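Structure record follows, encoded as structure tokens.
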Amino acid sequence: RFTSFEIITLKDSTKEKEAEAILKTTGNHFLIALDEHGNELSSKEFSLWIKKISLEQKDIVFCIGGPNGLDQSVLNKANLCQSLTTMTLPHELAQLFFCEQLYRAFTIQKGLPYHRE
């Protein structure tokens with residue numbers, strides 16, 4: 001509704017092979033690593049970040065690691081490291097949770113009533 005996006009799921013492999021595939025895919029795009037040790041943002045703060053980055057960059061790549069997390073090489077390349085929650089989530093659930101937060105971020109930007117204070 002608000003933007004186009006694509007979900008790319010990598011097959012199970014080692015963290016190193018996963019990192020290689022991620023870094024090859026991300027190119028020069030703005031990379032946001034979703035990691036439990038990242039910065040915690042409220043939904044409104046996340047919405048502001050998305051708006052700011054979108055004005056400066058064409059494409060944003062969000063990366064959720066597999067069951068063993070993201071390799072340090074991906075975290076080092078990331079322009080921003082964000083935590084979805086301090087709780088441990090299976091990566092499939094983290095993907096669903098993130099998609100909802102991304103939708104929420106756009107509804108906040110558009111002033112739609114989806115997000116309630």
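The values are calculated or read from the model by the stated rules, or taken from the named source; none is laboratory data. Computed from a predicted structure; not experimentally measured. Please note: Cβ atoms are built from the backbone with ideal geometry, for glycine as well, and neighbour counts cover all protein chains shown. Just the protein is used for accessible areas: all its heavy atoms, side chains included, with ligands, DNA and RNA removed. Shrake-Rupley method; radii C 1.70, N 1.55, O 1.52, S 1.80 Å.
State which residue pairs qualify: first residue over 13 Å from Thr3 (Cβ atoms) and inside the range 88-117, second residue open to solvent by 80 Å² or more (accessible area, probe 1.4 Å) and among the charged types (D, E, K, R) in any location, beta carbons under 8 Å apart, and separation of 6 or more residues or different chains.
Thr88/Glu36; Ile108/Lys44; His115/Lys44
Okay, residues lined up against (1) closer than 19 Å to Asn79 by Cβ; (2) at pLDDT 90 or above; (3) in a helix (DSSP H, G or I):
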residue	(1), (2), (3)
Arg1	no, no, no
Ile32	yes, yes, no
Ile50	yes, yes, yes
Cys63	yes, yes, no
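Residues are listed down the side, and each one gets a yes or a no for (1) assigned to a helix (DSSP H, G or I); (2) of a type in the set (Ser, Thr, Tyr):
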{"residue": "Leu75", "(1), (2)": "yes, no"}
{"residue": "Cys81", "(1), (2)": "no, no"}
{"residue": "Thr88", "(1), (2)": "no, yes"}
{"residue": "Leu93", "(1), (2)": "yes, no"}
{"residue": "Phe97", "(1), (2)": "yes, no"}
{"residue": "Glu100", "(1), (2)": "yes, no"}
{"residue": "Arg104", "(1), (2)": "yes, no"}
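Going through the range 1-40 one residue at a time, which ones are open to solvent by 70 Å² or more (accessible area, probe 1.4 Å) and of a type in the set (Phe, Trp, Tyr)?
If the condition is that a residue be open to solvent by 70 Å² or more (accessible area, probe 1.4 Å) and of a type in the set (Phe, Trp, Tyr), then Phe5 is the only one that fits.
Scan the range 42-60 for residues that are open to solvent by less than 50 Å² (accessible area, probe 1.4 Å) and touching a strand residue (DSSP E or B) at 6+ places or on another chain (Cβ under 8 Å) and jot them down.
Once the filter is applied, which keeps residues that are open to solvent by less than 50 Å² (accessible area, probe 1.4 Å) and touching a strand residue (DSSP E or B) at 6+ places or on another chain (Cβ under 8 Å), the range 42-60 yields Phe46, Ile50, Ile53, Ile60.
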